[in-house]
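Read through the structure below, which is laid out as structure tokens, and then see the notes.
The values are calculated or read from the model by the stated rules, or taken from the named source; none is laboratory data. Nothing here was measured: the structure is a model prediction, and the numbers come from that model. Please note: Cβ atoms are built from the backbone with ideal geometry, for glycine as well, and neighbour counts cover all protein chains shown. To get the accessible areas, we keep the full protein, side chains included, count just its heavy atoms, and leave off ligands, DNA and RNA. Shrake-Rupley method; radii C 1.70, N 1.55, O 1.52, S 1.80 Å.
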Amino acid sequence: MTQSAFSLSYGDNGISWLKIDVANEKMNTLQAAFADQINEVLAELSAHTELKGLVVYSGKPDNFIAGADIRMLAECETAAAAEALAIKGQQLFSALEDLPIHVVAAIHGPCLGGGLELALACHSRICTDDDSTRLGLPEVQLGLLPGSGGTQRLPRLIGVAHSLELMLTGKQVRAKQALKKGLVDQVVPLSILLQAAEQLALTAKPIRSHSFQDWAMTGNAFGRSVVFDQAAKKAQQKARGCYPAIDAILDTVKYGLEKGIEQGLEQEAKVFGDLVMTAESCALRNIFFATTAMKKEIGADAEPKTIKRIAILGGGLMGGGIAHVSAIKAGYAVRIKDITNDGIQHALAYNYAILDKQRQRRIIRKPQLQQQMLRITGGIDYRGVTHADVVIEAVFEDIALKQQMVQEIEANTSKETIFATNTSSIPIHQIAANALRPQNIIGLHYFSPVEKMPLVEVIPHATTSAITIATVVALAKKQGKTPIVVADKAGFYVNRILAPYMNEAAQLLLAGEPIEHIDNALLNFGFPVGPITLLDEVGVDIGAKISPILEAEFGERFATPAMFEWLQQDGRQGRKSGKGFYLYNTKTKEVDKSVYTLLGVEPQQQLTEVDIAVRCSLMMLNEAARCLDEGVIQSPRDGDIGAIFGIGFPPFLGGPFRYMDHLGLDLVVDMLREYSDLYGERFAPCDYLVEMAQTEQTFY
């Protein structure tokens, strides 16, 4: 017999205790199979007329309920089936809410999605002040809306504006923020959570109003209209109409406002069912499953070494960012070595600025800031580097300099020390060419800004040991990164698929397409930034360094347009030089129109946004297929995650490989051939894609 995830116990003071503990799982998640178990609990509670209150708490030490188990959505073949799931959840939570006794949720750790919806059905909520405690409704990130009453109960509890902010972003709030918004009634230390919840449950059950006509709902129709309009505008600034769940959330909350909670719940369930069937939700759920699976992978058939100390060579932007994720997120002692004290000070100031922002937002206190800063030290010699378990090199992109760093580290550290080079383009085997211990050398390619970008490429060369790979993969995970292991070929994976995309945007600009038109086309396609803006952000000089390496390795299709040389000669390196395609001394983002004169073009919009987006994205898709064929990436899944987390490929399209499957490989090949006839051989479909299309294969 299956062990129930829900167990009741009783105190002699009239308080009952409902413990939630899903067997054989680290995290509590809600599953459709639990419906009967919850109904049994509710029936038993109804039979105890002497009860005064109920405390709902978790049997797990570090989480309340992390959400619903979304694997059950994959089993829904129709919208009606998904709607039925939502209705079942709504009915259970409404029955909990209708209990005549005071129901209190005692929350510690993540309380997300269906977990928060359960807590909202309780009459009161109390949570711990622990940093692990997070409350939120992240369903929008899966292309869904909260389907178990969240769209109706949350606005009635904390108001339309706050609830839309949480639901439209999927943002998670800490305990103090939750208290300030009215999401919880009390915040207490973990040591007294259950005691405080018990005392609260002994008090009179609060009267819950299901009316929107109170201060929290922005009482008048005009005020509510403004709130909805502003929320929609803010949400669509980034989403640009590509995520149907956003409008669905807005419409469902508004519907419940106008029609009442009962009809609001009916609408919520119906819309939930419809969203489950969308291609966008399917793609976003696949990303979730992929990243979940990757968390369990260790990268190689070996046990990772224990790491205690990290050293970083270079105190620049990358070095400072790597220091942050190593010391603050992973918790390691970090030593930064630079050739000047200014470099050390820059890295320390960079980290202090990040932490001070958290202090100002009251996420951490000043003693915590000081304690975390003490994990990072620096110097201009190797004294503090000697005992490092891993040395991460983040110096200039120069092969001679990087080879020199290998020699110096091998001379100043132990034989077991791992040397990880943060290079964006230089093959790792070249950096390891003169190494005494090449088995300890590996690539670890971070993306800027390091503290924000979720991806890291792990690049072993031919003789990198399995234990080195496993250790670095484990390190990247502790730093909060999603690592993908890629082959040691020029450009690795992310930059290799990015380069032809960027080059095509440059070709469009040289053909006279206006800068903002090119950027808007790719923004509306779903990328987080346009390609011309990205050139300014990354730096024209960086692109100019990478491109010759790729062209030498892969030929003409990676040839860089001459404009990169002209831009550098004019001192236009992008944002960092204050001069690029856009102006950086104005409050609003404006194109620097003098760049057209420099490039010798007359800007005139000729192509549609769709044409531009197709031209740039096709180059990326074709190159991604080549990378898979050559073994640069180990699977389509890794290729999709790498593109989404590394360069912001539109998540709702699922990544390059799922997107090609969605379009149909025969259509992709036909489009590439058509564009090859129009614009040149660089668009010719690779043999791998042609063969797959001919044999009616798919990537998944």
Residue selected from region 174-186 under the condition in a helix (DSSP H, G or I) and of a type outside the set (A, V, I, L, M), by the criterion least open to solvent (accessible area, probe 1.4 Å): Lys181
Phe645 passes all but one of (1) assigned to a helix (DSSP H, G or I); (2) open to solvent by less than 30 Å² (accessible area, probe 1.4 Å); which number fails? (2)
The lone condition Ile363 fails out of (1) assigned to a loop (DSSP other than H, G, I, E, B); (2) open to solvent by 60 Å² or more (accessible area, probe 1.4 Å); (3) over 22 Å from Gly443 (Cβ atoms) is (2)
Index of the failed condition, Ile310 passing every other in (1) in contact (Cβ under 8 Å) with a residue 12 or more places away in the chain; (2) outside any strand (DSSP E or B): (2)
Quick check on my filter: what residues within region 532-587 are open to solvent by 40 Å² or more (accessible area, probe 1.4 Å), more than 23 Å from Gly600 (Cα to Cα) and not in a helix (DSSP H, G or I)? Asn585, Thr586, Lys587
Which is buried (at least 21 other Cβ atoms within 10 Å of the Cβ) and closer than 26 Å to Ala499 by Cβ, of Pro454, Pro460, Pro449? Pro460
Pick from region 493-515 the residues that are open to solvent by less than 10 Å² (accessible area, probe 1.4 Å) and outside any helix (DSSP H, G or I): which of them is nearest to Leu550 (Cα to Cα)? Tyr493
I'm trying to understand the selection: among the residues of region 102-125, which are open to solvent by less than 20 Å² (accessible area, probe 1.4 Å) and assigned to a loop (DSSP other than H, G, I, E, B)? Gly109, Gly113, Cys122, His123
Evaluate region 191-201: report whether one residue or more is touching a Cys at 6+ places or on another chain (Cβ under 7 Å), over 22 Å from Ser94 (Cα atoms) and either in a helix (DSSP H, G or I) or in contact (Cβ under 8 Å) with a residue 12 or more places away in the chain (or both). no
In the list Leu120, Leu73, Leu54, Leu92, which residue meets the criterion of being on the phi < 0 side of the Ramachandran plot, of a type in the set (A, V, I, L, M, F, W, C) and in contact with a Gly (Cβ under 8 Å, 6 or more places away or on another chain)? Leu120
Just checking, does region 249-258 include any residue being within 29 Å of the chain's Cα centre (by Cα), in a loop (DSSP other than H, G, I, E, B) and at pLDDT 90 or above? no
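The rows are residues; the columns are (1) of a type in the set (Val, Ile, Thr); (2) touching a strand residue (DSSP E or B) at 6+ places or on another chain (Cβ under 6 Å); (3) within 20 Å of Ile549 (Cα to Cα); (4) open to solvent by 20 Å² or more (accessible area, probe 1.4 Å).
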residue	(1), (2), (3), (4)
Ile376	yes, yes, no, no
Tyr382	no, no, no, yes
Ile392	yes, yes, no, no
Val395	yes, yes, yes, yes
Ala400	no, no, yes, yes
Gln404	no, no, no, yes
Gln407	no, no, no, yes
Asn412	no, no, no, yes
Ala432	no, yes, yes, no
Do you know which of the residues in region 146-173 that are outside any helix (DSSP H, G or I) and over 18 Å from the mean Cα position of the chain (by Cα) is nearest to Leu257 (Cα to Cα)? Gly159
Lys337 being basic (Lys, Arg), within 22 Å of Ile442 (Cβ to Cβ) and buried (at least 24 other Cβ atoms within 10 Å of the Cβ): yes
